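The values are calculated or read from the model by the stated rules, or taken from the named source; none is laboratory data. Here the structure is a predicted model, which means the values were calculated and not measured. For neighbour counting, all protein chains shown are included, and Cβ atoms are generated from backbone atoms with ideal geometry for every residue, glycine included. Accessible surface areas use protein heavy atoms only, side chains included; no ligands, DNA or RNA. Shrake-Rupley method; radii C 1.70, N 1.55, O 1.52, S 1.80 Å.
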Amino acid sequence: MIMELSREGSLFQKMKLERKFSESKSARFMFHIMKAMAHMHSQTPPVIHRDLKPENLLLFEGEVVKVTDFGWSAESEEIRNTFCGTQEYLAPEMIRGTGHDAKLDIWTLGILLFEMVHGKTPFYVSHKGRDIRTQRKLIEQNILEGKYALNSNLSEATREIIRAMLHPDKALRPSAEQLLSFQFFDAQRKKHLRSKSQNILAADLNFSMKEVQQLRLELANYKKVNEMLSKDILALNKRVKNSKDANHLEEIKTLKKSNDRLEEEAKLAGQQARDRKEELRRVSREKDNLAYKLAVKDTELENLQADLQKSKDLSSYLFKNTKVGLT
């Protein structure tokens with residue numbers, strides 16, 4: 001089996017190094033994961049991962065997160081009853097054995113988001129002074145009772161989305177598509193649609209935008225010509241239909257020829273209009289691709305700026321705490 005190389009490692013390794021993430025960084029990571037879930041759950045039948053955890057999420061350049069390890073995944077529109085997953089990530093319906101669907105992945109991502117911003121899972125119970133069986137029972141009890149505490153320093157947007165994802169009633173949990181519209185992802189949606197390099201992007205696309213506007217004008221003109229030709233054809237058809245006198249046979253033939261010519265022109269105008277539409281779609285796709293590439297570069301620039309700031313802070317600290325003696 002061949003897999004894409006993840007030079008950044010897994011989310012588990014990153015969390016192990018940093019312990020927990022800021023809310024904005026968690027939102028960036030979760031945005032990629034949630035879009036993947038929205039795509040999987042929209043399939044027919046839906047694809048349920050059923051084992052989402054930091055170890056199964058790989059990091060790539062630009063803080064892009066991709067889902068891996070589909071060993072426990074299932075494709076079904078029916079309620080499933082297979083018991084699977086990781087202890088601290090189990091959903092209430094999995095423990096009760098009442099059956100689960102795509103909302104199981106939403107619960108698991110709620111656990112993951114909680115762990116990102118707190119540095120620990122919400123239903124964790126220390127093993128000190130307890131055997132493994134007792135610890136497991138206490139964790140399951142906390143899950144079923146919904147016993148967890150959110151840090152008071154978190155923003156209301158973060159608290160809101162965690163509460164929604166960790167709702168014990170799966171029917172009341174939002175879908176992945178609905179969660180993408182939560183306030184928690186506002187910044188990510190804006191960044192996805194419009195990068196910070198909009199001025200540079202606009203400068204690079206000046207010619208293309210003029211071309212698009214010109215194409216639109218030409219398309220509008222073709223539509224007008226097509227409408228005029230259609231009216232002329234209708235008028236000619238009426239004249240032909242009403243011309244019953246034998247003295248008008250030659251005129252009728254001439255009108256039929258004119259009618260055929262106008263129909264050919266109408267077809268040509270229609271084809272040209274379709275060609276212009278396709279050209280507009282091509283230019284639009286090229287614009288979207290360039291916007292996406294610039295968005296990725298923005299993310300890389302932000303990371304470089306953050307690293308530079310860390311270096312500056314370290315240099316400042318070393319300068320303040322180092323005494324230089326002259327001999």
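Report the residue count in region 11-39 for those that are out of contact with any helix residue (DSSP H, G or I) (no Cβ under 6 Å at 6 or more places or on another chain) and under 21 Å from Arg50 (Cβ atoms).
The qualifying residues number 6.
Being in a helix (DSSP H, G or I) and either among the aliphatic types (A, V, I, L, M) or within 15 Å of the chain's Cα centre (by Cα) (or both) is the filter here, so list the residues in region 34-56 that pass it. Break it down stepwise before answering.
Kept after step one, since they are in a helix (DSSP H, G or I), are these residues of region 34-56: 34-41, 54-56.
Selection gives Met34, Lys35, Ala36, Met37, Ala38, His39, Met40, His41.
Failed condition for Gly62, given (1) more than 20 Å from the chain's Cα centre (by Cα); (2) at pLDDT below 85, with all others met?
Among (1) more than 20 Å from the chain's Cα centre (by Cα); (2) at pLDDT below 85, the lone unmet condition for Gly62 is (1).
Checking the condition of a type outside the set (S, T, N, Q) and on the phi > 0 side of the Ramachandran plot, which residue from Glu8, Glu63, Glu23 passes?
Details: Glu8 fails: on the phi > 0 side of the Ramachandran plot; Glu23 fails: on the phi > 0 side of the Ramachandran plot.
Matching residue, one of Glu8, Glu63, Glu23: Glu63.
Could you tell me whether region 98-117 includes any residue that is surrounded by 13 or more Cβ atoms within 10 Å (Cβ to Cβ), of a type in the set (A, V, I, L, M, F, W, C) and in a strand (DSSP E or B)? If you could, list the steps in order and put the result at the bottom.
First pass over region 98-117, keeping only residues surrounded by 13 or more Cβ atoms within 10 Å (Cβ to Cβ): 99-117.
Narrowing the set further to residues that are of a type in the set (A, V, I, L, M, F, W, C) leaves 102, 104, 106-107, 109, 111-114, 116-117.
Those still in the list that are in a strand (DSSP E or B) too: none.
Scanning region 98-117, I find no residue that is surrounded by 13 or more Cβ atoms within 10 Å (Cβ to Cβ), of a type in the set (A, V, I, L, M, F, W, C) and in a strand (DSSP E or B), so the answer is no.
Do you know which residues across region 1-33 are in a loop (DSSP other than H, G, I, E, B) and either of a type in the set (Ser, Thr, Tyr) or in contact (Cβ under 8 Å) with a residue 40 or more places away in the chain (or both)?
Met3, Glu4, Ser6, Arg7, Glu8, Gly9, Arg19, Lys20, Phe21, Ser22
Run Lys16 past the list (1) farther than 18 Å from Phe70 by Cα; (2) touching a Pro at 6+ places or on another chain (Cβ under 9 Å); (3) surrounded by 13 or more Cβ atoms within 10 Å (Cβ to Cβ) and report the number of the one that doesn't hold.
Exception for Lys16: condition (3).
Per-residue answers, yes or no, for (1) hydroxyl-bearing (Ser, Thr, Tyr); (2) open to solvent by 10 Å² or more (accessible area, probe 1.4 Å); (3) without any contact (Cβ under 8 Å) to a residue 40 or more places away in the chain; (4) not in a helix (DSSP H, G or I):
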residue: Gly71; (1), (2), (3), (4): no, yes, yes, yes
residue: Pro122; (1), (2), (3), (4): no, yes, no, yes
residue: Thr134; (1), (2), (3), (4): yes, yes, yes, no
residue: Glu140; (1), (2), (3), (4): no, yes, no, no
residue: Ala149; (1), (2), (3), (4): no, yes, yes, yes
residue: Ser152; (1), (2), (3), (4): yes, yes, yes, yes
residue: Arg159; (1), (2), (3), (4): no, yes, yes, no
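Would you confirm, using the coordinates I've provided, whether Met3 is open to solvent by 70 Å² or more (accessible area, probe 1.4 Å) and either in contact with a Phe, Trp or Tyr (Cβ under 7 Å, 6 or more places away or on another chain) or not charged (D, E, K, R) (or both)?
Values: open to solvent by 70 Å² or more (accessible area, probe 1.4 Å): yes; either in contact with a Phe, Trp or Tyr (Cβ under 7 Å, 6 or more places away or on another chain) or not charged (D, E, K, R) (or both): yes.
Considered against the rule, which asks whether it is open to solvent by 70 Å² or more (accessible area, probe 1.4 Å) and either in contact with a Phe, Trp or Tyr (Cβ under 7 Å, 6 or more places away or on another chain) or not charged (D, E, K, R) (or both), Met3 comes out as yes.
Please find, among Glu227, Glu265, the residue that is in contact (Cβ under 8 Å) with a residue 24 or more places away in the chain, more than 30 Å from Glu61 (Cβ to Cβ) and surrounded by 11 or more Cβ atoms within 10 Å (Cβ to Cβ).
Details: Glu227 fails: in contact (Cβ under 8 Å) with a residue 24 or more places away in the chain.
So the residue among Glu227, Glu265 that is in contact (Cβ under 8 Å) with a residue 24 or more places away in the chain, more than 30 Å from Glu61 (Cβ to Cβ) and surrounded by 11 or more Cβ atoms within 10 Å (Cβ to Cβ) is Glu265.
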